[in-house]
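Every number in this text was worked out from the coordinates using simple rules, so none of it is lab data. For clarity, every value in this text was computed on a predicted model and none was experimentally measured. Counting neighbours? That spans all protein chains shown, and the Cβs are built from the backbone with ideal geometry, glycine included.
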Amino acid sequence: MTSPVDAESAASDPETAEIRLGEKTLPLSVTEGTEGERAVDIGALRKDTGYITLDPGFGNTGACRSAITFIDGEKGILRYRGYPIEELAEHSTFLETAWLLMHGELPSKMELDDFVGDVTSHTMLNESFRKFMDALPRDAHPMPICAATVGALATFYQQPESEQSIRQTIVQLIAKMPTIAAYAYKHSLGQPFIYPRNDLDYSSNLIHMMFATPCAPFEVDPVVAKALDQLFILHADHEQNCSTSTVRLVGSSMANLFASISAGISALWGSLHGGANQKVVEMFEAIEKGGGDPEAYIARAKDPNDPTRLMGFGHRVYKNYDPRAAFLKDSCRQVLDRLDVSDKLLEIAQGLEEITLKDPYFVDRKLYPNVDFYSGVIYRALGIPVDAFTVMFAIGRLPGWIAQWIEMRNDPAFRIGRPRQIYTGANQRSYEGMSSR
Ligand code: SDX
């Protein structure tokens with residue numbers, strides 16, 4: 001599987017850093033990545049000084065060395081294993097990109113054919129999952145259904161962990177995720193589950209399982225399938241984001257891959273993370289309902305006393321236009337034209353973007369549209385229900401989570417993740433009986 005990131009391979013820079021604490025000065029080594037990013041290695045800090053660093057939200061803290069995805073937030077660059085995502089979205093397929101992320105190189109024809117064959121022949125879910133899903137409320141959000149079902153997969157595949165069993169788990173996860181997503185959707189409709197079909201490609205199969213019914217033939221529109229495949233490629237990885245860091249942390253305890261991915265799905269659901277794509281469309285719908293003028297909403301988003309945020313805007317890393325948003329903005333128009341769909345929400349999105357790109361509040365804070373800003377308009381055009389938008393994000397992100405989990409396990413510097421803290425609670429005190437409280 002992925003060749004481990006060799007800690008020595010990240011060129012160590014002759015530059016060093018120094019930290020002065022009272023009388024003590026501690027030299028610290030500086031490490032440099034292959035794209036010139038630099039980090040001060042504080043691995044010896046607590047042992048040598050008793051001090052730790054404090055960085056809530058880890059905005060300035062690197063958790064690992066990784067060779068999977070490179071982001072330049074200032075320049076709006078995103079590459080998977082060195083390949084610009086724009087080229088992969090244009091020319092690759094989701095399963096080929098998944099292989100690239102997990103193995104580090106584009107597959108040969110034979111490797112890809114074998115991988116696609118493996119995935120295709122593992123798309124079915126154990127029939128017991130029908131009862132499992134039936135036990136859940138019809139109006140349940142599909143993200144906890146997906147997290148619970150992926151976690152429950154571990155109860156069906158309990159073999160001891162080995163290279164071979166991990167390879168099998170990877171195929172099972174990538175193969176079954178669309179089936180789980182489609183079953184969750186059918187469950188919400190009270191419609192019969194549609195079994196996967198081995199004669200359809202990955203994205204066409206998902207669309208068929210979601211929208212076909214036993215009552216009439218259903219033809220998958222190749223435009224819809226291609227657009228969905230492209231969306232999966234654009235969501236496939238994004239270095240150490242919240243859900244990926246969750247997958248790594250859970251996996252670092254030696255929890256299995258099913259459990260780690262289930263945790264990642266739950267983290268992705270949050271409205272500040274993957275859940276934003278659903279919130280973006282709900283925001284557009286609220287603006288449309290209010291007459292279509294985004295000014296009032298923007299004013300609330302700028303008001304420091306109002307918790308409202310412009311969903312789909314801003315990013316911890318991108319201080320420029322998210323390259324995925326740029327790509328999706330173009331493909332939005334193309335997909336709607338090809339499907340002959342017009343959607344007022346696209347005009348609202350474009351109008352909102354136009355205003356913010358000139359508004360000092362957003363310009364000064366370098367807040368631009370992120371991946372979630374336009375993706376929801378495309379999902380709507382493809383007929384995906386709004387509460388399944390984040391499920392689509394999870395399907396796309398799955399190979400990235402897996403690649404990061406494997407890299408973490410194979411990293412020579414591997415150890416269980418366990419951040420420190422600065423304690424701010426009560427100092428020692430003795431227990432008082434009820435009579436003295
Ligand atoms: C994803 O990390 C990843 O890579 C994630 C992701 C991936 O592929 O995995 O890219 C996917 O999660 C994209 C982000 C989706 N979330 C949203 O669109 C939710 C809306 N965005 C924000 O909540 C926010 O921008 C975050 C969460 C994305 C980033 O938050 P940060 O980095 O902690 O930034 P911050 O909250 O410190 O904001 C800095 C300033 C603040 O104002 P001041 O205190 O300086 O006055 O910018 C303001 C914030 O109030 N701000 C916003 C805003 N985002 C930041 N103000 C209004 N609307 C917003 N969307």
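Overall size of region 296-437 from C-alpha positions, given as principal axis extents largest first: 73, 45, 32 Å. With each label modelled as a point 7 angstrom along the Cα→C-beta vector, the R437-D199 pair spans 7.1 nm. Against the chain, whose longest principal axis comes from its Cα atoms, helix 371-381 is set at around 10 degrees.
Helix 222-234 and the longest principal axis of the Cα set of the chain meet at an angle near 0°.
Give the angle, between 0 and 90 degrees and rounded to the nearest 10, that separates the Cα long axis of helix 142-156 from the longest principal axis of the Cα atoms of the chain. On a 0 to 90 degree scale, this one is about 80.
Extending 7 Å from the Cα toward the beta-carbon at both D293 and V386 defines two label points whose distance is 2.3 nm. Under 18 Å from a label point set 7 Å out along the Cα-to-Cβ vector of K319, the amide N atoms of region 67-105 belong to 71-78. The simple spin-label model puts a point 7 Å past each Cα toward its Cβ; for R415 and A152 those points are separated by 3.9 nm. Computed over the Cα atoms of region 35-174, the ratio of the radius of gyration to the Kirkwood radius (Rg/Rh) comes to 1.07.
Rg and Dmax of the chain, based on Cα coordinates, read 23.5, 80 Å.
Using the Cβ-Cβ distance between T53 and Y361 with R0 set to 30 Å, the FRET efficiency works out to roughly 0.45.
Expressed as a rounded percentage, what relative contact order does region 333-393 have, with Cα pairs under 8 Å and six or more residues apart?
On the way: 27 pairs, mean separation 21.7, N = 61.
It comes to 36 percent, rounded to a whole number.
Using the Stokes-Einstein relation with a Kirkwood hydrodynamic radius computed over Cα pairs, the translational diffusion coefficient of region 7-62 at 37 °C and a viscosity of 0.692 mPa s comes to 263 µm²/s. Compared with the direct C-alpha span, the chain from L26 to A216 gains 61.1 nm at full extension, assuming 0.36 nm per residue.
Computed on the Cα atoms alone, the convex hull of region 305-372 gives a volume of 95 cubic angstrom per residue.
Think of the chain as having a plus end and a minus end, set by charges on the Cβ of Lys, Arg, Asp and Glu; of G274, V40, T155, T155 sits farthest toward the positive end of this dipole.
I'd like the FRET efficiency for M110 and S253, computed as 1/(1 + (r/R0)^6) with the beta carbon distance as r and R0 of 41 Å, rounded to 0.05.
Values: r = 36 Å, r/R0 = 0.89.
Taking R0 as 41 Å, the efficiency between M110 and S253 is 0.65.
Using the Cβ of P107 as centre and a radius below 9 Å, the other residues enclosed give a net charge of -4, where K and R count +1 and D and E count -1.
Which whole-number percent is the relative contact order of the chain (Cα, under 8 Å, 6+ apart)? Walk me through the numbers on the way to the answer.
On the way: 593 pairs, mean separation 93.0, N = 437.
Here the relative contact order equals 21 percent.
Computed from backbone phi, the HN-Hα couplings of region 184-196 come to 4, 5, 4, 4, 5, 8, x, 9, x, 5, 9, 5, x Hz, rounded to whole numbers (Karplus: 6.51 cos²θ - 1.76 cosθ + 1.60, θ = phi - 60°; Gly and Pro given as x).
DSSP loop (so not H, G, I, E, B), at most 16 other Cβ within 10 Å: list which trypsin sites (Lys or Arg not before Pro) in region 64-106 pass both filters.
Details: sites: R65, K75, R79, R81; in loops: R65, K75, R81.
Answer in residue order: K75.
A Förster radius of 22 Å, combined with the Cβ-Cβ distance separating E127 from S165, puts the computed FRET efficiency at roughly 0.45.
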